[in-house]
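Have a look at the structure below before the remarks.
Derivation of every value follows stated rules applied to the coordinates shown; laboratory data play no part. Model, not experiment: these values are computed from the prediction. So basically every Cβ, Gly included, is an ideal-geometry build from the backbone, and we count neighbours across all protein chains shown.
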Amino acid sequence: MFEAKTVSVTINRPMQEVYRFVHEPMNLPAWAKSFCLSVAKKGDDWIVETEDGRAKIRFVEDNPHGVLDHFVTVGAGAELLNPMRVIHNGPGCEVMFTLFRLPEISEENFMLDAAMIATDLQLLKETLEL
């Protein structure tokens, strides 16, 4: 089993509104700045430009349960699952992202990745609470 860390943020917007915004790949550059410099649709694929090059991103099918899991493929490498959820919290919601520490990732890089995710989720909050 891998070490895991779940990062979350409370957003004062309805769950379905947040879900729809995050599930739309074209919105990634607005809130996932540590990962996504730009995004474009190429055929059936969504291609993300990152600081490390191109990556393919694929969200799970649209669903009423707030599941925002997405798969990221870098180059010809393996497809990595990024579990993500949005759940009701009164009139607002909680957005949660679980990060797994893969064997090749140092503790320091794992903590840096978690901090970048926290920054991105904070930007998502700020973007949607305008």
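Quick notes on this one:
- Spin-label pair Arg54/Met111, simplified geometry with 7 Å Cα→Cβ offset, distance in nm: 3.6
- Where GluC sites (Glu not before Pro) in DSSP loops with at most 16 other Cβ within 10 Å are excluded, longest remaining stretch of the chain: 1-50
- Amide H contacts under 5 Å for Val39: Glu49, restricted to partners 5 or more places along the chain or on a different chain, H placed in the peptide plane at 1.01 Å from N.
- Cross-link reach list, lysines versus Lys125, counting only Cα pairs under 24 Å and skipping chain neighbours closer than eight places: Lys5, Lys33
- Distance between the 7 Å Cα→Cβ label points at Glu94 and Ser8: 0.2 nm.
- Computed FRET value (nearest 0.05) for Met1 with Ile87, which takes r as the C-beta separation and R₀ as 30 Å: 0.80
- Annotation for the stretch 1-40 versus the stretch 47-111: alpha-carbon center distance of 8 Å.
- Put in line by how crowded their Cβ is, counting other Cβ atoms within 10 Å and starting with the fewest, Leu80, Leu68 read Leu80, Leu68.
- Debye equation applied to the C-alpha atoms of the stretch 30-71, log10 I(q)/I(0) at 0.15, 0.18, 0.30 Å⁻¹: -0.41, -0.57, -1.08
- Here semi-axes √(5λ) of the Cα gyration tensor in Å was calculated from the structure, and among [x] 22, 18, 14; [y] 27, 21, 18; [z] 35, 17, 11 it sits at label [x].
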